[in-house]
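Below: one structure, written as structure tokens.
The values are calculated or read from the model by the stated rules, or taken from the named source; none is laboratory data. Here the structure is a predicted model, which is why all the values come from computation and not from measurement. All Cβ positions, glycine included, derive from the backbone under ideal geometry; neighbour counts span all protein chains shown. Accessible surface is based on the protein model in full, side chains and every heavy atom, while ligands, DNA and RNA are left aside. Shrake-Rupley method; radii C 1.70, N 1.55, O 1.52, S 1.80 Å.
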Amino acid sequence: MRNGGDKPGGPKAGPGANWDRLGASWFIDKGVQVLVFVGGTSAIIFVVGIFVFITREGWPFIRDTLDFAEFFGSPRWNPTSDHNPTYGALALIVGTASVTGLAMLIAIPFSLGAAIYIAEFAQGRTREVLKVLVEMLAAIPSVVWGFIGLTVMNPLIIDMFNVPVGLTVLNSGLILGLMAAPIMTTIAEDALKAVPDGYREAAEAMGATKLQVVFKVVLPAAKNGLVAAVLLGVGRGFGETMAVLMASGHSVNLPTSVFDSVRALTATIAAELGETAHGSDHYRVLFTLGIFLFIVTFIINLLADIFVRGVRKKG
Amino acid sequence: MDSPAATVTSDFAIQTDKLSLWYGSFQALFDVDLQIKQGIITSLIGPSGCGKSTFLRSINRINERLGYVRTTGRIEVLGHDIYAPDVELVQVRKQVGMVFQRPNPLPISIRDNVLFGYGIHNKGPKPSKEDQDRVVEDALKTVLLWDQVKDRLRHKGTSLSLEEQQKLCIARLLPVKPTVLLMDEPCSALDPKGTEAVEELIWQLRGEYTIVIVTHNMAQARRASEECIFMLLGEVIEHEPTEDMFVTPKQQQTADYIEGRYG
Ligand SMILES: Nc1ncnc2c1ncn2[C@@H]1O[C@H](COP(=O)(O)OP(=O)(O)OP(=O)(O)O)[C@@H](O)[C@H]1O
Ligand SMILES: [Mg+2]
């Protein structure tokens, strides 16, 4: 670290001015160091803090009331009933899973295709424009997507498929897929870019066509990064709230087709938490849902991280 | 240029005629006229930046990967103009294999590395497993690598030592039966032992393939090649049998370079 403040008198400026300036830069230096340290550690503190908080709020319920078989096995979610509340989260879990699943079905081919095109085929300006477009898509707030689902997709689905409701698995899956695709594209593109150019050159020098290079060399080499991109997309879908709340129909239901309305875990928490009495069973079961969500997304992100690291280890 | 090549009875594997090349507006090759004999090893020497790699890379047309490269003049491989409009790039690269300065095996298994080019250029039905096994064994035996790797063919090519990687990079060219092998300082990333092993291998490939090897190592050029080309600032200064060039260079610049006056 530079410690110029101790040395009076620089080579060029007058001694007085120099004292002041060096002192200031020294303090700035120190200040920035502290700031960076706090920033870095606070991320960890926040994550742990959040986990401790939601666990503390949900724990009494898990300990005293929760019936695991009911929670994971029953689709009957009726926590507000006065005499016989039921806490079956199956429909919510299936709701989230079906929406996320459909979203991935749409987003994976879309985003991998886009990433391959941007990283391997697009040149110069086209590439720059596409990258900016993808980033702009990623910046659209989720409530806007939800709004699109509600006002554009809803009537469209009703018309096209001749069904009574358009706020369904199909609608929210599509919306969620479009939302997750830009992020997945960006991460997948990074994974492709990280493949050393020497591999492409070697393959081309042997006579491989551009397409063969992509499919036989670049994709296998970037495999782990691509899996990570998909996993992060899944995590994004799992945790998304607003758009799903608006586009899924928000009705507790085990879907039998994409034209059924469902309710997602996140949407349930968002919609119900405000109405519950602090400390009530209903309040605590919502936190239990939160713990479940937290654990699932944590595992997904951990897996993604392991895959990304795998790239470096195996070379 | 597949079968007709055999009918052309040219003594020369590579002929260039007024070959010039630009990277953008920078000219790297100036009217290079060369006739490289078939079946021998020709070494290409010259100070750093004189265009040795550039020349080599244009014979495989791999320079075209860079969008800003412009080439004029003519390059013939076995009597066929490789820049002719009806020539298939894939075929050129099948005939002309390239070994790079830094060993660059693909991040796939050793076996798949050897089969990579074979698979690409195979037009018929997919070869049987036995067929592939034979191809892999032949190629690896030719480069004296078979005994070391025969028990770990499924390991990644990138997991080998540098010397083994470079041998693998030579081995993977052989199954498609190229006529010309271009080697751009193939030993510069290797230790002395590895260098010796790879040099020995290159010497054994002589006759069956036409080999052009770029080197900074005078001793290597002298040991390992039959003809020698000296380049300077994008031009060919001298092209002679190696022994003649090292004993009685015709040009003053060649003499200066051989005696180490260019560094
Ligand atoms: N991709 C490129 N873009 C622009 N200029 C290049 C490029 N590659 C090479 N050059 C230039 O072309 C000239 C010849 O380069 P080349 O790599 O062929 O030299 P070389 O003889 O192989 O040198 P070395 O012995 O260092 O490998 C050099 O002046 C170099 O700066
Ligand atoms: Mg070079």
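Somewhere in the stretch A:268-278, is a residue among the charged types (D, E, K, R) and either within 14 Å of another protein chain (Cβ to nearest Cβ) or surrounded by fewer than 22 Cβ atoms within 10 Å (Cβ to Cβ) (or both)?
yes
Does B:VAL214 count as more than 14 Å from every other protein chain (Cβ to nearest Cβ), open to solvent by less than 10 Å² (accessible area, probe 1.4 Å) and within 16 Å of ligand 1 (Cβ to nearest atom)?
Taking the combined requirement at face value, the residue satisfies it.
Answer yes or no: is there a residue in the stretch A:194-201 that is in contact (Cβ under 8 Å) with a residue 40 or more places away in the chain and more than 14 Å from chain B (Cβ to nearest Cβ).
Checked against the condition, which is being in contact (Cβ under 8 Å) with a residue 40 or more places away in the chain and more than 14 Å from chain B (Cβ to nearest Cβ), the stretch A:194-201 yields no hits at all.
Pairs needed: first member in the stretch B:38-54, within 14 Å of another protein chain (Cβ to nearest Cβ); second member anywhere, more than 6 Å from ligand 1 (Cβ to nearest atom) and among the charged types (D, E, K, R); C-beta distance under 6 Å; at least 6 residues apart or different chains.
B:SER53/B:ASP184
For every residue, the table says whether it meets (1) of a type outside the set (Lys, Arg); (2) more than 12 Å from the chain's Cα centre (by Cα).
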{"position": "B:LYS156", "(1), (2)": "no, yes"}
{"position": "B:LEU168", "(1), (2)": "yes, yes"}
{"position": "B:PRO175", "(1), (2)": "yes, yes"}
{"position": "B:VAL180", "(1), (2)": "yes, no"}
{"position": "B:MET183", "(1), (2)": "yes, no"}
{"position": "B:GLU196", "(1), (2)": "yes, yes"}
{"position": "B:LEU201", "(1), (2)": "yes, yes"}
{"position": "B:GLY207", "(1), (2)": "yes, yes"}
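Would you point out the residue of the stretch B:165-195, among those that are under 25 Å from B:PRO47 (Cβ atoms), of a type in the set (D, E, K, R) and open to solvent by 20 Å² or more (accessible area, probe 1.4 Å), that is nearest to ligand 2 (Cβ to nearest atom)?
B:GLU185
Looking at A:GLU70, is it open to solvent by less than 30 Å² (accessible area, probe 1.4 Å) and either more than 22 Å from A:LEU167 (Cβ to Cβ) or part of a helix (DSSP H, G or I) (or both)?
no
Would you check if B:GLY79 is buried (at least 18 other Cβ atoms within 10 Å of the Cβ) and either facing another protein chain (nearest Cβ under 9 Å) or of a type outside the set (Val, Ile, Thr) (or both)?
Considered against the rule, which asks whether it is buried (at least 18 other Cβ atoms within 10 Å of the Cβ) and either facing another protein chain (nearest Cβ under 9 Å) or of a type outside the set (Val, Ile, Thr) (or both), B:GLY79 comes out as no.
Would you say B:GLY157 is surrounded by fewer than 20 Cβ atoms within 10 Å (Cβ to Cβ) and modelled with pLDDT under 90?
When the stated conditions are applied, B:GLY157 does not pass them.
In this structure, is B:THR179 more than 16 Å from ligand 1 (Cβ to nearest atom) and within 14 Å of chain A (Cβ to nearest Cβ)?
The answer is yes for B:THR179.
If you scan the stretch B:135-154, which residues turn out to be within 14 Å of chain A (Cβ to nearest Cβ) and either without any contact (Cβ under 8 Å) to a residue 12 or more places away in the chain or open to solvent by less than 30 Å² (accessible area, probe 1.4 Å) (or both)?
Start the filter on the stretch B:135-154 by keeping residues that are within 14 Å of chain A (Cβ to nearest Cβ), which leaves B:139, B:154.
Result: B:ALA139, single match.
Restricting to the stretch A:83-117, name every residue that is in contact with a strand residue (DSSP E or B) (Cβ under 9 Å, 6 or more places away or on another chain) and not polar (S, T, N, Q).
Passing the criteria: A:PRO85, A:TYR87, A:GLY88, A:ALA89, A:LEU90, A:ALA91, A:LEU92, A:VAL94, A:GLY95, A:VAL99.
Among residues belonging to the stretch B:33-76 that are part of a strand (DSSP E or B) and open to solvent by 40 Å² or more (accessible area, probe 1.4 Å), point out the one that is nearest to B:MET231 (Cα to Cα).
B:ASP33
Restricting the search to the stretch B:100-134, which residues are at the interface with chain A (Cβ under 9 Å from one of its Cβ atoms) and either touching a strand residue (DSSP E or B) at 6+ places or on another chain (Cβ under 9 Å) or not in a helix (DSSP H, G or I) (or both)?
Listed by number, the residues that qualify are B:PHE100, B:ARG102, B:ASN104, B:PRO105, B:LEU106, B:PRO107, B:ILE108, B:GLY117.
Just one of B:GLY79, B:GLY97 is over 14 Å from the mean Cα position of the chain (by Cα) and away from ligand 1 (no atom under 13 Å from the Cβ); which is it?
B:GLY79
Name the single residue, out of those in the stretch B:39-85 being within 20 Å of B:PRO186 (Cβ to Cβ) and among the polar types (S, T, N, Q), that is farthest from ligand 2 (Cβ to nearest atom).
My answer is B:THR42.
Tell me, yes or no, whether the stretch B:91-98 has at least one residue that is under 26 Å from B:ALA224 (Cα atoms) and within 13 Å of ligand 2 (Cβ to nearest atom).
For the stretch B:91-98, residues under 26 Å from B:ALA224 (Cα atoms) and within 13 Å of ligand 2 (Cβ to nearest atom): present.
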